[in-house]
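The values are calculated or read from the model by the stated rules, or taken from the named source; none is laboratory data. Every value quoted in this text rests on a predicted model; they were computed, and no experiment measured them. All Cβ positions, even for glycine, are placed from backbone atoms using ideal geometry, and neighbour counts span all protein chains on display.
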Amino acid sequence: MIKRIYKNLFSEKLRVKIRIYFNILISPFYSGQQFYCNCCQKSFRKFLPKGNIERENAQCPYCGSLERTRVLTLYLRNETGIFTMKRPKILHVAPEYSLFRILKKLDAEYVDGDIDPAYARNVVDITDIHFPDNYFDLIICSHVLGHVPDEAKAVKELCRVLSPGGEAIIMSVLDLDSSVTLEDSKIVSPEDRLARYGEFDLCRLHGMDFQDRLEAGGFNVKTIDYRTHFTAAENAQFRLGDGKRELIFSCRK
Ligand SMILES: [Zn+2]
């Protein structure tokens, strides 16, 4: 009941802000040395659990980064030129706060966008992106496509707005043991989606054909397990995940 009252009192946009400030407030209780978040550059004795099927020590108590965000941030810092590029144009779809707070400080044309205005400063529908062809130098679209009903259209749109020479970094939750994507139009209820796809709001569970699905939209794709660039000790300290959510699909055209 308290949850319902809270939901009625505050808009989703406000609740997102409250969550962020609440996390910042409680994070000192987690301070320690065992885990390190490379997004906010703080150390903790533990991370928070996360997921519909809970993962231990997954989320940074301060900035909210997840395993995949930490891998993505390492990749962006080490392998892309966006931190030194002169005013890059960046599209960040469904922006994770932990990465948003880093990218918004760049001298860049930074467009953070979501179909729901509660979650970003710009409304962006990735099946109909309101930008010209070849516009963005960098696109970040992490853990979005599994939620989009018309995925093929979204991939084509992402490819359309990417500049030649630019890079789209696309990530998704994957079934590493399946060669094909599991997608069944009869799986619609949140309970069934959770049971079959592992998350209550996914439209599909990508298999190892995810690269093919991106290439079908016009991209040239390189699949990168960036966790392998770090030692086992670093993987454990940074909590870089098990690979199901952290593979990077580096897409160019
Ligand atoms: Zn953090």
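Couple of notes before you dig in:
- Every test in (1) in the same structural domain as Tyr21 (by TED's automatic domain parsing); (2) over 14 Å from the mean Cα position of the chain (by Cα) is passed by Cys39 save one, and that test is (2).
- Subset of the range 51-66 (residues that are more than 13 Å from the ligand (Cβ to nearest atom) and within 18 Å of the chain's Cα centre (by Cα)): Gly51, Asn52, Ile53, Glu54, Arg55
- Candidate set from the range 107-131 (those that are more than 19 Å from the chain's Cα centre (by Cα) and assigned to a loop (DSSP other than H, G, I, E, B)); member that is nearest to the ligand (Cβ to nearest atom): Ala108
- Residues that are touching a residue at least 12 places away in the same chain (Cβ under 8 Å) and either under 19 Å from Glu215 (Cα atoms) or out of contact with any Phe, Trp or Tyr (no Cβ under 6 Å at 6 or more places or on another chain) (or both), drawn from the range 178-198: Ser178, Ser179, Val180, Thr181, Leu182, Glu183, Asp184, Arg196, Tyr197, Gly198
- Elements of type strands (runs of 3 or more DSSP E) contained in the range 1-51, each with 2 or more residues being of a type in the set (Phe, Trp, Tyr): 31-37
- Unmet criterion (only one of (1) surrounded by fewer than 23 Cβ atoms within 10 Å (Cβ to Cβ); (2) among the polar types (S, T, N, Q); (3) within 13 Å of the ligand (Cβ to nearest atom); (4) within 27 Å of Ser172 (Cα to Cα)) for Ser31: (4)
- Scanning the range 1-28 for residues that are away from the ligand (no atom under 16 Å from the Cβ), within 21 Å of Ala120 (Cα to Cα) and among the aromatic types (Phe, Trp, Tyr) turns up just one, Phe10.
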